[in-house]
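Asker: The structure follows.
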């Protein structure tokens, strides 16, 4: 389950409530990046895309690099 709180960002848990993490996996199944940096980048991209949409710039692509 992925949830979000405005002052905490994203959090990921398994169905039974254990902490999980997000990862970037390439087409060969290799983990490229994982953990808090991926969660922060995903959160930043989602918030930026939403803000751009609210400002009428929803047609633009949002790019975010991990911290």
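Asker: Give me the extension gain from residue 2 to residue 21: residue separation times 0.36 nm, minus the current Cα-Cα distance, reported in nm with one decimal.
Answerer: Stretched fully, the residue 2-residue 21 segment lengthens by 5.9 nm.
Asker: Moving on. So if I take the centroid of the Cα atoms in segment 28-48 and the same for segment 5-19, what is the distance between those two points in Å?
Answerer: Cα centroid to Cα centroid, the span is 14 Å.
Asker: If you line up the Cα atoms of the chain on their principal axes, what length do they span on each, largest first, in Å?
Answerer: 38, 29, 20
Asker: Report the convex hull volume per residue for segment 1-40, counting only C-alpha atoms, in Å³.
Answerer: Convex hull volume per residue, Cα atoms: 76 Å³.
Asker: Still on this model: Roughly what angle does helix 36-54 make with the longest principal axis of the chain, taking Cα atoms, 0 to 90 degrees, to the nearest 10?
Answerer: Once rounded, one gets 20 degrees.
Asker: OK, next. As a check on your grasp of the helix formula, calculate [θ] at 222 nm for the chain: sum -39500 (n - 2.57) over DSSP H runs of n ≥ 4, divide by the residue count, round to the nearest 500.
Answerer: -9500 deg cm²/dmol
Only the coordinates and a few stated rules stand behind these numbers; no lab work does. Bear in mind that the values here come from a model prediction, so they are computed numbers and not experimental data.
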